[in-house]
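Step one of this worksheet: look at the structure below.
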Amino acid sequence: MPYTPILGTLAYVRDASRSQVLLVHRNARQDDAHLGKWNGLGGKMEPDESPVSCIRRELMEEAGIVVEAMALRGTINWPGFGPNGENWFGFIFLVDAFEGTPWTRNEEGSLCWHPISALLSGELPLWEGDRHFLPLVFDEDPRPFHGVMPYAHGRPTDWQFARL
């Protein structure tokens, strides 16, 4: 049977000082599989989109900003991640320049700036697996990472990655 994951994008938007990151607190919908967690912005890719056009659209829809500079930091294959065991494949971006003022709220929850150190130190409630790849998003290594993080029962069971 062919492997057909849901394709998505995820962006971490830094402020001009590069010390803070814009996150969404998923607190708006009780049926949200991400309820209570802080996350980057992004979503599902449409059939006519590239990863770049998808994340540009998602950031406009979710934060009201126009991306001016971004870098692909990596890709992650998340087999079993979805609420019903769906497989996901994500393109992870770091956005360093944008136009506009980010909204303070969207249909998924509150948007807030947080120190990157708080994101990396575990001070915020995140998906457990995010703690494995987030240091790679913000490190100084220019090479993108490519990882696989299988999930079972809402938890990661492994994490492997390589950089090319």
Candidates TRP159, TRP88, TRP103 - the one that is over 18 Å from ARG18 (Cα atoms) and touching a His at 6+ places or on another chain (Cβ under 8 Å): TRP159
Residue in the range 74-95 that is closer than 15 Å to TRP113 by Cβ and open to solvent by 30 Å² or more (accessible area, probe 1.4 Å) present: no
Enumeration of residues in the range 48-73 that are exposed (fewer than 14 other Cβ atoms within 10 Å of the Cβ) and in a strand (DSSP E or B): VAL66, GLU68, ALA69, ALA71
Strands (runs of 3 or more DSSP E) contained entirely in the range 98-164, each with at least 3 residues that are open to solvent by less than 40 Å² (accessible area, probe 1.4 Å) and under 17 Å from ARG14 (Cα atoms): 109-115
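The values are calculated or read from the model by the stated rules, or taken from the named source; none is laboratory data. Worth saying up front: this structure is predicted, and the values here are computed from it rather than measured. Heads up, the Cβs are rebuilt from the backbone with ideal geometry, glycines too, and the neighbour counts pull from every protein chain shown. The protein model used for the area step is the full one, side chains on, heavy atoms only, and it has no ligands, DNA or RNA in it. Shrake-Rupley method; radii C 1.70, N 1.55, O 1.52, S 1.80 Å.
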